[in-house]
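Have a look at the structure below, then the notes.
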Amino acid sequence: MGVLSLHAASVAVVAAHAATQDHVVTSPPTPASISMERLRADVAHLASVELGGRGTGQPGFQRAADFVRDRLQALGLQPLGDDGTFFQAVPWTRTEAIADACSLVASTAAGEVVLKPSPDFAGRVWFDQTAEGELAVWRCTDPMRVEVDAGAAAGRILLVEVAPPDLDTRFAGLEGARTWATFESRLRATGAAAVLFVDDARARRLAGLEGNESPGKSSPAARASSRTPNELYLGVAAAERLAGLAPPAEPSADSLRLLPVTVRLTIAVRSGPAPACNVVARLPGSDTELSAEHVVLGCHLDHLGVRTGVLHPGADDDGSGTAALLALAESFARTTDRPRRSLAFAAFCGEELGLIGSKHFVAHPPIPLASIVAELQLDMVGRSEENARETADQNRNSLHLIGTEKLSEDLHRLCLAANRDVGKFDLEWDEEEVFWRSDHVNFARQGVPIAFFFTGFHHDYHAPSDTADKIEYEKLARVIEYVHAVAARLAQQDERPLVDRRRWDKSRERLHGPSQPAAPLRR
């Protein structure tokens, strides 16, 4: 973006020694010591079909956690998880449809149509649902402007056909998802007994009723009271069969057609524990006293998983950060001159659903929070920012350094110095509101100094198109260099960063933090 750039762009990647007054660690990694082949392979694996988008609670997440665990274990790092493992379990629930107990039955005196979970009757379900009522068909051309007749829809089974019918296109991307949620909320507000959508593409892709995952240990009854409804779809042919039970009539756009057809909907689900954990490890420091303190390097391992039958690979979000974490762990583990402080590595679960894994980490810290000198978060560090105002080419040398000024001037200055010496990025501060959207926030709430490294949003954010072939691996390697330099200096210098009283007082109210931060205050 360039508005708040500190330095001119530089193509060169410079390695530098991180030093303190009398103790030197080995140089940060350079492209020669970072295996570009390994980086590419790691991101490709994390974004693969095998790992299924790494949705927390889904089987692909556990495979991803096993992958990270195996790498950290092979490096000889110490486990920080439960019962001497590398996994810190986080409560999670998986809900699945009981297919044989689910049905949609439409009937009149003249006949009956029975639909079971299939490409004709599909959806995403969270909880048990039973509903019965007459059928009301609404053909809608503009979901956000045209109002359904709430009085006529109340108590009925509402069958919604959006014209044109391609919901995936009309509600694509993050903004599309928000629009869809608003649309659903408006339909529920009509008092309809149940809402069904006509969508051939989604129904066929799901081919049945897809379950869901949610944080904590919750029952279907508890989820039924939540804001998220069951999403149910009919294929076009199935919808025509239902409407065909009634006398023929000309469909009218944006008007509600009431049919003398009784519909009975039954959804039954079962719930059980689902795979969710933080993968955590420690590399002990070399100094007898300072090794009790830790520099935490974090990423989030999860992504969106499979949603509505679509794989979301999450190569940049946050396959790039996870691959970077593994490269940093390898670099520090194999150095011949280990830093004085200890390093902790954490790949968090549940970030996409509300920073759940990191919240669990700070609530049940495997290392004392007061021992953490800083938390360095890597989230989306493999692409150049692009939006309606800027191209990726304009941002090849840009990096957002977020949150460093929230608590500690010491950490902020250290990050700037490391960038001058090693990173040589054009640092930007025009995405500070993103501070609230990644796992470092939970550390900041406790008064731990943080630095969030982020290369920016792009058009593939939270889309199925966030694939490994679009990662800029040379830039990713440079980010790793830079973060390594920051971590090495934090782990090596005599004094840890202090929290500034003025900054803490200013940030604490919005952070909802304790009266005293975990890190020492500047007196």
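Some points to look at:
- Criterion (closer than 30 Å to Glu112 by Cβ and among the charged types (D, E, K, R)) met by exactly one of Arg307, Arg270: Arg270
- Among the residues of segment 140-164, just one is under 13 Å from Arg257 (Cα atoms), open to solvent by 40 Å² or more (accessible area, probe 1.4 Å) and in contact with a Lys or Arg (Cβ under 8 Å, 6 or more places away or on another chain), namely Glu161.
- In summary, strands (runs of 3 or more DSSP E) completely within segment 387-498 and bearing 2 or more residues that are open to solvent by less than 10 Å² (accessible area, probe 1.4 Å) and under 25 Å from Arg38 (Cα atoms) occur at 398-402, 450-454.
- So Glu385, is it free of Cβ contacts under 8 Å to residues at least 40 places away in the same chain and of a type in the set (D, E, K, R): no
- Residue list for segment 188-201, filter: charged (D, E, K, R) and surrounded by 24 or more Cβ atoms within 10 Å (Cβ to Cβ): Asp199
- Filter pass, Trp92 being at pLDDT below 95, open to solvent by less than 40 Å² (accessible area, probe 1.4 Å) and of a type in the set (Phe, Trp, Tyr): no
- Strands (runs of 3 or more DSSP E) completely within segment 228-284 that count 1 or more residues being within 26 Å of Asp128 (Cα to Cα) and either touching a Leu at 6+ places or on another chain (Cβ under 6 Å) or of a type outside the set (A, V, I, L, M, F, W, C) (or both): 231-234, 256-267, 269-273
- One residue stands out among those in segment 65-89 that are in a loop (DSSP other than H, G, I, E, B) and in contact (Cβ under 8 Å) with a residue 60 or more places away in the chain: the one that is most open to solvent (accessible area, probe 1.4 Å), which is Gly76.
- Residue within segment 56-64 that is within 30 Å of Phe348 (Cβ to Cβ), aromatic (Phe, Trp, Tyr), surrounded by fewer than 23 Cβ atoms within 10 Å (Cβ to Cβ) and within 31 Å of the chain's Cα centre (by Cα) present: no
The values are calculated or read from the model by the stated rules, or taken from the named source; none is laboratory data. Fair warning: this is a prediction, and the values are worked out from it, not measured in the lab. Glycine gets a Cβ as well: all are built from the backbone with ideal geometry, and neighbour counts include every protein chain shown. Ligands, DNA and RNA are stripped out before the accessible areas are found, and what is left, the full protein with its side chains, is counted by its heavy atoms. Shrake-Rupley method; radii C 1.70, N 1.55, O 1.52, S 1.80 Å.
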